[in-house]
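Here the structure comes first, spelled out in C-alpha cells, and everything after it is commentary.
What follows is calculated from the coordinates using simple rules that are stated; it is not laboratory data. Note that the structure is predicted; figures quoted are calculated from it, not measured. All Cβ positions, glycine included, derive from the backbone under ideal geometry; neighbour counts span all protein chains shown.
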Amino acid sequence: MKRFFFFVAVLSLGLLPGTGPVRQSPFPESGTVVRVADGDTVTVRFSDGIERRVRLIGVDAPEMEDGREEVAWRAFLSRRFVFHHLYRRAVRLSYDFDPLDEHGRVLAYVWDARGGLFNELIIRRGFAAPFLKYPFRKDFQKRFRAAGAAARKERLGFWRTDEPGEIPVSEVRDHFGEIVVVRFLCAEALGRGSFLVLRAADSDFEALIPRDRVSLFPGAGSLAGKEVRLTGLAEEFAGRPQIIISFPRQLRLT
C-alpha cells in the first residue's frame, strides 16, 4: 500500500525515473514539417494550424552561415538529411524541462511516423553531434552520447574520411540518407522552378542545382550527352531519387 501511494505521489509531481520533471507543454503534440532551416531547426505546422520554429533537443548541427567551406559543406549535408527524412512529413513532438529556447524556438523531441526519435537518428547517422550543454532527460543524454560515439567510430555521415564507393543510378534508392558517389549519362539539362535539373538517361534519377548556385558550375547547362560523376546525399522527393548539388566538389565530368 505504501508503494502505491508513493507511485501516485510521483505521478502527481510529474516525476519519472531518469527523466526529471515533466511539464505540461503549451504546444500541440503533432504537426507537419513545412521548412528545414538546418540540421537542428525546422518549422512545424502544428495541429492547431500555427507554424512554429522547432529546435531539436540535444542536437548540434553545423551552422549554414559559417564562412568556412568545410563547415558549410557539413551543414549542407546535415540539412539535406533532415529534408529527406522530415520535409512535408507528419511528426509527433514531445517536450522536456523548458518549452522555449532563448531565440523563441520550441524545444522538442521529434518522432517520425514509425515512432523513431529523429533527434537520436541524425546523431547516430553522423549528420549532427550530441548537444549536452543544457540539461534534458538523462536517459536521452546517455543515448545521444552513445549515438555520437558510434557514428564517429564507424565514420558515418560527415565523420567519414574516405570517399564512398561509386554506385550506378539504379542503386540510389538502396542508399537513401547516405552520402554516395554516382556516375551517369546526363540526358538533359533543363530549368525547373528554382533549379537547374540534370536528368539521367534511362532512369528517373535527377541532380538538382539551385539557381543561386548555378554560377559555381560553369557549363552545367550544356551537360546533355556527357557523363558526369556526382557526390552527395541520396534523397527521395515526390517519389523520385535525387541529389542536390550546391558545392563545386560535388560535380565532375568523366
Positive-end residue, the range 166-253 charge dipole about Cα centroid, Cβ charges, pick of Leu233, Ser194, Ile167: Ser194
Top of Phe237, Phe131, Phe158 by mean-square fluctuation, Gaussian network on the chain, Cα under 10 Å: Phe237
Farthest positive-ward along the range 21-157 dipole, Cα basis, beta-carbon charges - from Pro62, Leu77, Ala151: Ala151
Residues Asp48, Asp101, Asp60, Asp96, sorted so that the one with the fewest Cβ neighbours within 10 Å comes first: Asp48, Asp101, Asp60, Asp96
Cα centroid of the range 133-195 to Cα centroid of the range 217-254, whole Å: 16 Å
Fluctuation leader among Ala238, Ala72, Ala189 - the chain, Gaussian network, Cα springs under 10 angstrom: Ala238
Positive minus negative residues near Pro135 (Lys, Arg vs Asp, Glu; Cβ under 12 Å): +1
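Quick test of the membrane-span-like rule: which DSSP H helices of the chain reach at least 27 Å along their long axis (C-alpha atoms) with mean Kyte hydropathy at least 0.5?
Sorted by number, there is nothing, because no helix extends far enough and scores high enough.
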Alpha-carbon Debye profile of the chain, log10 I(q)/I(0) at 0.13 Å⁻¹: -0.86
Net charge dipole size for the range 21-157 [Lys, Arg +1 and Asp, Glu -1 on Cβ; Debye, nearest 20]: 520 debye
Amide H within-cut-off set for Ser30, under 5 Å, with H built and near neighbours excluded: Ser47, Leu93
Dimensionless Rg/Rh of the range 21-157 - Kirkwood Rh, Rg from C-alpha atoms: 0.95
Shape of the range 189-229, Cα gyration tensor, a/c cut at 1.5: oblate
